[in-house]
1. Which listed residue (51, 104, 124) has the Cα farthest towards the positive end of the charge dipole for segment 21-179, taking +1 on Lys and Arg C-beta and -1 on Asp and Glu C-beta about the Cα centre?
2. For the pair residue 165 and residue 64, what calculated FRET efficiency results from E = 1/(1 + (r/R0)^6), where r is the Cβ-Cβ distance and R0 = 25 Å, to the nearest 0.05?
3. Under 5 Å between amide H atoms, partner at least 5 residues away or on a different chain: which partners does residue 32 have, H built in plane at 1.01 Å?
4. Using 0.36 nm per residue of separation minus the Cα-Cα distance, give me the extension gain between residue 45 and residue 123 in nm, one decimal.
5. If you place +1 on the Cβ of every Lys and Arg and -1 on the Cβ of every Asp and Glu, how big does the dipole about the Cα centre of segment 18-112 come out, in debye to the nearest 20?
6. May I ask for the Kirkwood hydrodynamic radius of segment 55-167, worked out over all distinct Cα pairs and given in angstroms to one decimal?
7. Once the convex hull of the C-alpha atoms of segment 76-123 is built, how many Å³ does it hold per residue, rounded to a whole number?
8. For residue 81, list long-range residues whose amide hydrogen, built 1.01 Å from N in the peptide plane, is under 5 Å from its own amide hydrogen.
Amino acid sequence: MKKLILLALLSASASANEVDHFYVGGNLLVGHNTELDAGIATIDESNDLGGGVYAGYNFAVHPNVDLGVELEYQHFGEAEFNEDASVKGDAFYINARPKFIDKGNKLYSALILGVGSLKGETNVFGISESESKFSYQAGLEVGYMLDNVDLAIGYRYRSAEFDGVDINIQGVTVGMRYNF
């Protein structure tokens, strides 16, 4: 009887450890838009193609919910407002990614909430200046799970303030994640 209980406990702990895992991923930032809001005027422009990479650890908190904690780097493509003014940027975020899984199929949905640092670089009339500020991001993602790979499409909204000018970067992400 003791051996049976021990075997049951070991198998339960082994299956729980199989769900908690590391992961790495990447995404393309497509259809992104940068908005500059100075209070008296707002301008926005489409960004060039950007991308991001991330690594994290996934905790199984419920049979249908996983919680990922990750570090993410993003490079935003350049937004050219006219021939004399452009903005581009990079960001690092620490994210929480609750992932909601329907055990009946391979589809999932996820929220992305993160805080970090956004480095913005402006170029106006040939004069470049860069600065890093606190930033936050929020997003939604839906995806399809294969054996060790998740394919996803989502939406992200990021915001930071530089010297009284609010910068908002938003758009569609398409990505892939590998689960170890």
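Values in this text are rule-based calculations from the coordinates and carry no lab data. Since we're looking at a predicted model, the values are computed, not measured. Cβ coordinates were reconstructed from backbone atoms using ideal geometry, including for glycine residues, and neighbour counts include every protein chain displayed.
1. Checked the options; the winner is 104.
2. Taking R0 as 25 Å, the efficiency between residue 64 and residue 165 is 0.05.
3. It is 47, 172, by chain and number.
4. On the way: separation 78, 0.36 × 78 = 28.08 nm, distance 1.46 nm.
Extra length available between residue 45 and residue 123 comes to 26.6 nm.
5. 700 debye
6. 15.8 Å
7. Per residue, the Cα convex hull of segment 76-123 comes to 95 Å³.
8. It is 86, 87, by chain and number.
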